[in-house]
Amino acid sequence: MKSDLDEVRELLHMNHIDIEMQNNECRTPLHLAVTIPIEHPAVTLPTEHPAQTICRLLMAKGAYLNATACYHNDPLHAAAAAGCAWAVRMLLEEGANGILHMNINRRTPLSLAVERYMNQIMEQMEYSQRGVNLDVDPSTVLVLMEGMIRAHKIHPRFWVDYALSDPIFMFFSHELPDYIKTRIRSDGLGVFYIKNNVIHKSRWNMDYPNLPGWYAW
C-alpha cells in the first residue's frame, strides 16, 4: 500500500511468505496493490511506477488474479472501485477473468467504476462552485466498457431483471441532468444497447428518443 518496492522484493524472497495472505477484510496483497493511485502514468512517469512493478512481482510469484475478498470482490472489483485504470488494464492483460463476475451485491467491476465516475462528476460540480477544480478521469470506465463488450460477445448473458436493477445501470437521457450528459459526451462515453443478448455501442447520441441514454454494466 506504501509502494515500497524494495521491501516487497525482500519479503517475496522469504520462503515462508504466503502470497495469498488476507487481512481482516479478506483482501490479499494483490487486492491492495491494485488500488494504489497513479496520476497519468503514461504522461508524467518515464519509467514504471513502483505500484505497477509490485503488481507484476506479485503476479509473477503466483498471486491469484481472481481471489475473492469480502462481498466477493476480486482484484478487478477493487481496482475498478478505486478508479485505477492502470491496474484494470494490467489485470485484464494478465488474464483476470472477473470482468463478468458479480459480487455479493450483484455488482460487476464496471458497475463500481461507473458509480465512482458519476459521484466524481457530482463532486466536481460542487467543488467548481467554490473555485476548486476536481479532475474526473473516465479511463477506468472506458477500459472496462470495452473489455465488457469483448467478453460479452464471447459469453453472452442477459441479466436485466427489472428496470434500474444491477448489474446493469440504466441511465436514461431524459433522467440525467444536462451537466452529467455533457460530461459523458466529452469523456467519450456514448450510447450502449443490448441486441441479441450482446452489448453494442450505438452510433446515436444520448438524446436519440428510442434508445436508453446510457447502459453501463
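So for the stretch 59-76 (the condition being of a type outside the set (Phe, Trp, Tyr) and closer than 27 Å to residue 183 by Cα), does at least one residue qualify? Spell out how you get there, then give the answer.
Taking the stretch 59-76 and keeping what is of a type outside the set (Phe, Trp, Tyr), we get 59-63, 65-70, 72-76.
In the following step, the residues that additionally are closer than 27 Å to residue 183 by Cα were identified as 76.
The answer is yes; a qualifying residue exists.
Being within 26 Å of residue 135 (Cβ to Cβ) and small (Gly, Ala, Ser): is that true of residue 63 here?
no
Of the residues 128, 139, which single one is in the same structural domain as residue 189 (by TED's automatic domain parsing) and surrounded by 14 or more Cβ atoms within 10 Å (Cβ to Cβ)? Lay out the reasoning, then the answer.
Details: 128 fails: surrounded by 14 or more Cβ atoms within 10 Å (Cβ to Cβ).
Exactly one of 128, 139 is in the same structural domain as residue 189 (by TED's automatic domain parsing) and surrounded by 14 or more Cβ atoms within 10 Å (Cβ to Cβ), namely 139.
Cβ separations smaller than 7 Å between residues 6+ apart or across chains give the following pairs from the stretch 1-25 residues that are in the same structural domain as residue 66 (by TED's automatic domain parsing) to residues that are assigned to a loop (DSSP other than H, G, I, E, B) and surrounded by fewer than 11 Cβ atoms within 10 Å (Cβ to Cβ): 19/62. Return a yes/no flag: does the stretch 47-54 have any residue that is surrounded by fewer than 20 Cβ atoms within 10 Å (Cβ to Cβ), part of a loop (DSSP other than H, G, I, E, B), over 13 Å from the mean Cα position of the chain (by Cα) and modelled with pLDDT under 85. Scanning the stretch 47-54, I find at least one residue that is surrounded by fewer than 20 Cβ atoms within 10 Å (Cβ to Cβ), part of a loop (DSSP other than H, G, I, E, B), over 13 Å from the mean Cα position of the chain (by Cα) and modelled with pLDDT under 85, so the answer is yes.
Test residue 67 against the stated conditions and say whether it is outside the structural domain of residue 147 (by TED's automatic domain parsing), surrounded by fewer than 22 Cβ atoms within 10 Å (Cβ to Cβ) and assigned to a loop (DSSP other than H, G, I, E, B).
Working: outside the structural domain of residue 147 (by TED's automatic domain parsing): yes; surrounded by fewer than 22 Cβ atoms within 10 Å (Cβ to Cβ): yes; assigned to a loop (DSSP other than H, G, I, E, B): yes.
Answer is yes for this residue.
Restricting attention to the stretch 86-138, the residues being out of contact with any His (no Cβ under 8 Å at 6 or more places or on another chain), of a type in the set (Lys, Arg) and closer than 16 Å to residue 71 by Cα number 1.
One line per residue, one yes/no per condition, for (1) in contact with a Gly (Cβ under 6 Å, 6 or more places away or on another chain); (2) free of Cβ contacts under 8 Å to residues at least 40 places away in the same chain; (3) closer than 30 Å to residue 153 by Cα:
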{"site": "51", "(1), (2), (3)": "no, no, no"}
{"site": "67", "(1), (2), (3)": "no, no, yes"}
{"site": "79", "(1), (2), (3)": "no, no, yes"}
{"site": "83", "(1), (2), (3)": "no, no, yes"}
{"site": "111", "(1), (2), (3)": "no, no, yes"}
{"site": "127", "(1), (2), (3)": "no, yes, no"}
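The requirement of being modelled with pLDDT under 80, outside any loop (DSSP other than H, G, I, E, B) and among the aromatic types (Phe, Trp, Tyr) is satisfied by residue 179.
The values are calculated or read from the model by the stated rules, or taken from the named source; none is laboratory data. Since the structure is predicted, the reported quantities are computational estimates derived from the model, not experimental observations. In this analysis, Cβ positions are derived from the backbone assuming ideal geometry, glycine residues included, and neighbour counts consider all displayed protein chains.
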